[in-house]
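Since the structure comes first, as structure tokens, the remarks are kept for the end.
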Ligand SMILES: Nc1ncnc2c1ncn2[C@@H]1O[C@H](COP(=O)(O)OP(=O)(O)OP(=O)(O)O)[C@@H](O)[C@H]1O
Ligand SMILES: [Mg+2]
């Protein structure tokens with residue numbers, strides 16, 4: 001069943017499977033209720049029987065959100081209840097095709113001793129909902145809380161139980177939100193959906209690359225990474241700042257990239273190219289609040305750091321693009337989908353793309369390309 005939200009359907013592997021159980025986790029206020037309400041609104045407009053079980057908010061609150069989201073959302077039937085027994089009864093009676101349970105942590109079974117959200121309660125609630133979902137063919141979207149560290153709250157068994165685990169990420173202060181599958185029995189876990197929070201709810205960002213490229217600067221420390229998010233190429237800006245430090249050890253701040261990856265890139269830079277940042281604070285972030293988690297990001301991070309350290313901007317009119325993995329001996333490694341990554345860069349007018357090739361085999365050579373171009377440009381000027 002298509003939810004009518006293209007980015008969500010893609011992450012789900014083509015849509016919702018009848019009778020499946022999908023867990024959507026995310027930080028408070030990220031938009032879990034918004035996206036699930038919008039999905040139900042579309043499904044109901046397409047003639048499916050839907051039901052929204054809200055344990056966290058009153059029916060009036062859910063209505064208020066629905067008003068923001070448009071007329072279809074107002075037509076979604078709401079049940080505000082936290083008693084598992086009552087919810088199961090309603091599901092048996094209404095037999096919806098799709099239902100949302102917001103959230104799995106607030107439902108409780110009064111016959112059990114634990115408080116709502118405790119391991120025994122969550123396990124029981126999820127187990128019972130799974131049984132009815134499979135028996136009656138109700139596609140069920142469970143909204144789940146996350147812990148302070150960002151992993152899904154509740155017992156691990158919850159993740160085993162469900163068919164898909166989706167994670168909704170992003171920084172609350174930023175408008176971009178990403179949705180990715182951590183587990184999917186019906187599709188790939190590489191797909192990522194990009195959304196933006198608006199007055200009218202979450203809006204899909206289909207041209208995410210264009211947005212990020214247009215916002216990219218040409219200052220020292222800025223390099224566009226040609227990333228692959230599942231089957232889709234995505235251009236994101238990697239920014240680096242290198243500043244003298246007064247701390248021992250100096251700061252290493254990574255936003256949107258893995259800290260270990262940053263440490264590796266710094267070590268390779270120091271050891272194999274002579275760009276040593278041991279006494280400097282280093283900040284690296286992916287603009288727009290997006291996370292990139294692939295080895296192909298190494299080269300872009302390294303180039304951004306080197307360019308920030310030397311204060312030299314890429315010479316091109318348009319931002320410089322790069323992708324490639326760094327080996328521990330300073331060599332560049334090929335990563336998948338090189339042609340699709342370069343095609344995406346070309347599509348948005350980025351002509352200079354530094355990547356592993358026969359002529360650029362090491363990080364040192366890649367830096368050579370970056371700085372030679374910058375030098376010849378400044379001489380010409
Ligand atoms: N009028 C508005 N215009 C723009 N954004 C809004 C508006 N009203 C709410 N929002 C956004 O919607 C977010 C809340 O969305 P939602 O209730 O779907 O989140 P949630 O993940 O379900 O949160 P919770 O964990 O509290 O249930 C707010 O953080 C805010 O960013
Ligand atoms: Mg909510």
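In table form, for the structure just shown:
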| read-out | value |
| --- | --- |
| Test: residue in region 363-380 that is touching a residue at least 12 places away in the same chain (Cβ under 8 Å) and not in a helix (DSSP H, G or I) | no |
| Count - residues of region 1-39 that are in contact with a strand residue (DSSP E or B) (Cβ under 6 Å, 6 or more places away or on another chain), closer than 20 Å to residue 136 by Cβ and either free of Cβ contacts under 8 Å to residues at least 40 places away in the same chain or within 16 Å of ligand 2 (Cβ to nearest atom) (or both) | 3 |
| Search result, residues across region 40-55 that are touching a helix residue (DSSP H, G or I) at 6+ places or on another chain (Cβ under 9 Å), away from ligand 1 (no atom under 16 Å from the Cβ) and free of Cβ contacts under 8 Å to residues at least 40 places away in the same chain | 44 |
| Residue match in region 92-105 (condition: without any contact (Cβ under 8 Å) to a residue 12 or more places away in the chain, more than 16 Å from ligand 1 (Cβ to nearest atom), over 18 Å from residue 1 (Cβ atoms) and surrounded by fewer than 23 Cβ atoms within 10 Å (Cβ to Cβ)) | yes |
| The lone exception for residue 72 - which of (1) more than 12 Å from ligand 1 (Cβ to nearest atom); (2) in contact with a strand residue (DSSP E or B) (Cβ under 9 Å, 6 or more places away or on another chain) it fails | (2) |
| Scope region 168-213; condition part of a strand (DSSP E or B), under 23 Å from residue 225 (Cα atoms) and within 16 Å of ligand 2 (Cβ to nearest atom); matching residues | 168, 169, 177, 179, 195 |
| Pair list, Cβ under 6 Å, 6 or more apart: region 309-333 residue at positive phi and in contact (Cβ under 8 Å) with a residue 12 or more places away in the chain, other residue surrounded by 16 or more Cβ atoms within 10 Å (Cβ to Cβ) and outside any loop (DSSP other than H, G, I, E, B) | 324/299; 324/332; 330/268; 330/272; 330/362; 330/363 |
| Of residues in region 195-237 being closer than 23 Å to residue 312 by Cα and either without any contact (Cβ under 8 Å) to a residue 12 or more places away in the chain or surrounded by fewer than 16 Cβ atoms within 10 Å (Cβ to Cβ) (or both), the one farthest from ligand 1 (Cβ to nearest atom) | 218 |
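Here, each number is a calculation from the coordinates, and none is a lab measurement. Please read these numbers as outputs of a predicted model, since none were measured by experiment. For neighbour counting, all protein chains shown are included, and Cβ atoms are generated from backbone atoms with ideal geometry for every residue, glycine included.
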